[in-house]
């Protein structure tokens with residue numbers, strides 16, 4: 001009991017501190033300063049890579065340079081006139097956005113589900129008044145090109161000198177609560193240091209990218225920057241609110257998450273779509289749900305009959321925010337450090353928060369039963385992977401991997417060699433990786449994660465047959481088969497060498513005996529001759 005209280009007290013104090021902090025509005029300038037102070041730029045591996053042109057759009061803060069092909073000072077009207085002709089897609093997207101006509105928002109009737117935006121608009125205007133970016137008593141009519149690409153409130157811009165691509169902080173000047181909420185993900189601290197502070201989260205996803213050694217090591221920069229296409233949420237907001245409509249209705253739909261949350265090692269979207277939640281969204285949601293309604297009213301006013309990604313992951317104790325990690329437990333991938341500590345109050349508290357989320361639609365007993373099932377099923381997959389890992393590490397330690405001693409080039413700096421390591425998914429040379437290592441890399445980084453994602457997103461085939469468990473069984477069988485072959489080959493080689501050694505030794509022994517016999521016979525013969533000679537003399 002005392003131990004539990006000792007664990008719970010820090011958690012309670014942390015919760016109280018969080019509530020006190022959020023009872024007062026976060027200071028925008030402080031959040032902005034922290035954003036820039038903690039931004040990694042090129043990261044600690046920066047000396048090993050140089051940005052290519054496309055990366056100025058993934059990390060505009062560090063890499064963007066205005067084009068020099070257009071010279072001159074331009075007004076908002078100039079921007080609109082030019083881009084309507086040269087990039088009509090951009091122009092019409094903005095024209096359809098809330099940004100282009102804030103007066104229309106201000107005039108919405110209270111019966112309109114979007115009417116909540118009127119209060120939000122007033123809040124934005126008050127934020128700008130405090131920052132001195134909007135005159136007291138003045139209202140916003142639109143958010144134009146220059147507001148985002150030149151500076152809030154500016155009337156014109158020198159295109160070749162001052163054009164910029166907006167980052168998170170630029171959006172945060174107006175959307176201060178959302179900016180502060182998103183940045184608060186950086187405060188997450190794992191109790192047994194399973195992950196570094198703030199990881200994994202959107203708030204540090206660019207940092208996770210540039211601190212990845214193989215990403216920095218790859219000479220194929222055009223391929224490597226494909227990771228940036230998702231790992232830029234730390235830098236910008238248009239990953240969820242696509243430019244230039246910046247639609248909250250878009251960002252509330254599962255497809256908004258699908259560009260990044262899909263595929264070999266994070267197939268959340270596929271699992272959601274194939275769950276009963278997803279089939280409800282596909283059969284009912286597209287025609288009957290109203291995504292203009294705020295998440296807090298999605299069930300009661302929006303007509304939702306099942307959750308979306310956003311309804312579950314933005315919620316914490318009944319409140320919705322842009323901090324998406326307040327209920328994170330298993331994080332990106334299952335590890336023993338997490339599995340062995342699930343009964344710690346930090347993890348237990350988050351599990352209870354998930355039960356509360358699930359009870360929006362399910363009974364508490366059902367929610368608890370399913371989450372217990374998901375935890376145990378994930379651990380069962382983890383045990384299989386860990387057994388295979390021990391086999392791979394032992395093969396490497398014993399020097400038995402194919403070509404390990406004859407054809408295993410070291411990976412490029414700053415990456416370091418590691419049997420079955422993450423880098424082996426993106427780099428190969430000679431026998432690095434060997435076949436069995438590549439199987440294991442796929443096992444832990446693809447199949448185990450799919451198993452975990454499938455069971456927690458309630459897609460039956462996603463963790464039993466189509467993906468997950470069945471794939472883990474295949475990986476396990478192939479790894480054990482390779483282990484047997486490699487070790488038998490090593491033993492056979494050792495036995496053959498020993499046999500050669502014995503055979504060679506036997507040949508040497510026989511030769512020595514034969515030589516000895518010849519010498520004895522020769523000695524006897526000489527002795528006979530000497531004796532005979534003496535007898536003849538007599």
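Just need the relative contact order of segment 378-488 here, percent rounded to a whole number, with Cα pairs under 8 Å and 6+ apart.
30
Using only the alpha carbons of segment 17-126, determine the length spanned along each of the three principal axes and report them from longest to shortest in whole angstroms.
Reported extents, whole Å, longest axis first: 57, 52, 24.
Given an 8 Å cut-off on Cα distances and at least 6 residues of separation, report the relative contact order of segment 157-314 as a percent.
For segment 157-314, the relative contact order is 14 percent.
Throw me the Rg/Rh for segment 141-200, computed over C-alpha atoms with Kirkwood Rh, two decimals. Present the calculation step by step, with values, prior to reporting the outcome.
Values: Rg = 16.8 Å, Rh = 13.8 Å.
Answer for segment 141-200: 1.22.
What ratio of Cα Rg to 2.2 N^0.38 Å holds for segment 334-398? Working shown, then result.
Numbers: Rg = 15.9 Å, N = 65, 2.2 N^0.38 = 10.7 Å.
After normalising by residue count via 2.2 N^0.38 Å, the value is 1.48.
Among 111, 229, 100, what is the fewest-to-most ranking by other Cβ atoms within 10 Å?
Details: 111 6, 229 13, 100 19.
In order of increasing Cβ crowding within 10 Å: 111, 229, 100.
How long are the semi-axes of the equivalent ellipsoid of segment 199-238, defined as square roots of 5 times the Cα gyration tensor eigenvalues? Whole Å, largest first.
19, 12, 5
Equivalent-ellipsoid semi-axes (√(5λ), Cα gyration tensor) for segment 59-207, whole Å, largest first?
Equivalent-ellipsoid dimensions as semi-axes: 30, 24, 15 Å.
If I model segment 75-161 as equal point scatterers sitting on the Cα atoms and use the Debye formula, what is log10 I(q)/I(0) at q = 0.13 Å⁻¹?
Log10 I(q)/I(0), no solvent term: -0.49.
Could you list 155, 400 so that the one with the fewest beta carbons within 10 Å of its beta carbon is first and the one with the most is last?
Ordered from fewest to most neighbouring Cβ atoms within 10 Å, 155, 400 come out as 155, 400.
Any number yet on Rg/Rh for segment 301-455, C-alpha, Kirkwood?
1.11
Measure nothing fancy, just the Cα-based angle from helix 116-130's long axis to the longest principal axis of the chain, in degrees from 0 to 90, nearest 10.
The angle comes out at about 90 degrees.
Per DSSP H run of n ≥ 4, the term is -39500 (n - 2.57); total these for the chain, divide by its residue number, and report the mean residue ellipticity at 222 nm rounded to 500 deg cm²/dmol.
Dividing the helical sum by the residues of the chain leaves -16000 deg cm²/dmol.
Taking a quarter of the surface of the Cα convex hull of segment 133-281, what do you get in nm²?
Over all viewing directions, segment 133-281 projects a mean Cα-hull area of 13.2 nm².
Just the projected area, averaged over all directions, of the convex hull on the alpha carbon atoms of segment 412-451: how many nm²?
The Cα convex hull of segment 412-451, projected and averaged over all directions, gives 2.7 nm².
Convert 25 °C to kelvin, take the viscosity as 0.890 mPa s, use the Kirkwood radius over C-alpha pairs of segment 56-101 as Rh, and evaluate the Stokes-Einstein diffusion coefficient in µm²/s, rounded to a whole number.
The Stokes-Einstein estimate is 197 µm²/s.
Got the relative contact order for the chain handy, in percent, Cα pairs under 8 Å and 6 or more residues apart?
Working: 641 pairs, mean separation 69.0, N = 538.
Normalised by residue count, the contact order of the chain is 13 percent.
Just for the Cα atoms in segment 378-488, what are the lengths along the principal axes, largest first, rounded to whole Å?
That works out to 46, 34, 19 Å along the principal axes.
Using only Cα atoms, tell me the angle between helix 28-38 and the longest principal axis of the chain; keep it within 0 to 90° and round to the nearest 10.
Taking Cα atoms only, the helix is inclined about 20 degrees.
On a 0 to 90° scale, report how tilted helix 469-537 is relative to the longest principal axis of the chain, with both axes built from alpha carbons and the result rounded to the nearest 10.
So the helix axis and the longest Cα principal axis differ by about 20 degrees.
Please work out, to two decimal places, the log10 of the ratio I(q)/I(0) at q = 0.09 Å⁻¹ from a Debye calculation in which every Cα of the chain carries one identical scatterer.
Rounded to two decimals, the profile gives -0.81.
Where the Cα atoms of segment 386-429 are projected onto their three principal axes, how long is each span, largest first, in whole Å?
Each principal axis gives a Cα extent; for segment 386-429 these are 28, 24, 14 Å.
Read the figures in this text as sums done on the coordinates, not as results from a lab. Note that the structure is predicted; figures quoted are calculated from it, not measured. Here the Cβ is made from the backbone with ideal geometry for all residues, glycine too, and neighbour counts use every protein chain on show.
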